[in-house]
Amino acid sequence: KMYSQKVPPRVGNLSASDTVIVPAQEALSADAPPLNRSHHRWIQAQIGSVTKALQSVGIGLIDEHIRHCVQEALVESEEAGRVKIDEATAAIARLIRS
């Protein structure tokens with residue numbers, strides 16, 4: 001399998017986030033009426049949804065990297081495998097910190 005063959009479905013996760021982000025942006029725009037408590041809760045829930053979608057994409061990309069690049073590098077040589085494992089570990093650390 002090619003690494004890039006699995007990436008397009010993840011774009012769908014990001015596209016779905018637009019249906020959340022655009023209404024939230026409109027609610028926060030200068031022209032919008034003042035927000036009440038229910039608006040605040042709704043916007044916080046939308047932020048949580050987008051955050052989870054982005055985390056899902058990040059986890060999926062790391063998973064694909066490990067299954068494709070790391071596995072392929074390990075077949076090539078132990079040293080190449082170590083390099084790819086280090087890359088995957090760094091990616092996991094970035095995801096955790098974000």
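Numerical summary
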read-out: Apportionment of accessible area to carbon and sulfur, the stretch 13-98, percent (1.4 Å); value: 59 percent
read-out: Net charge of Cβ neighbours under 12 Å - reference A80; Lys, Arg +1; Asp, Glu -1; value: -4
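The values are calculated or read from the model by the stated rules, or taken from the named source; none is laboratory data. Owing to the predicted nature of the structure, the values given are computational and were not obtained by experimental measurement. Positions of Cβ are generated from backbone atoms using ideal geometry, with glycine treated the same way; all protein chains shown enter the neighbour counts. Surface areas here come from the heavy atoms of the whole protein model, side chains and all, with no ligands, DNA or RNA. Shrake-Rupley method; radii C 1.70, N 1.55, O 1.52, S 1.80 Å.
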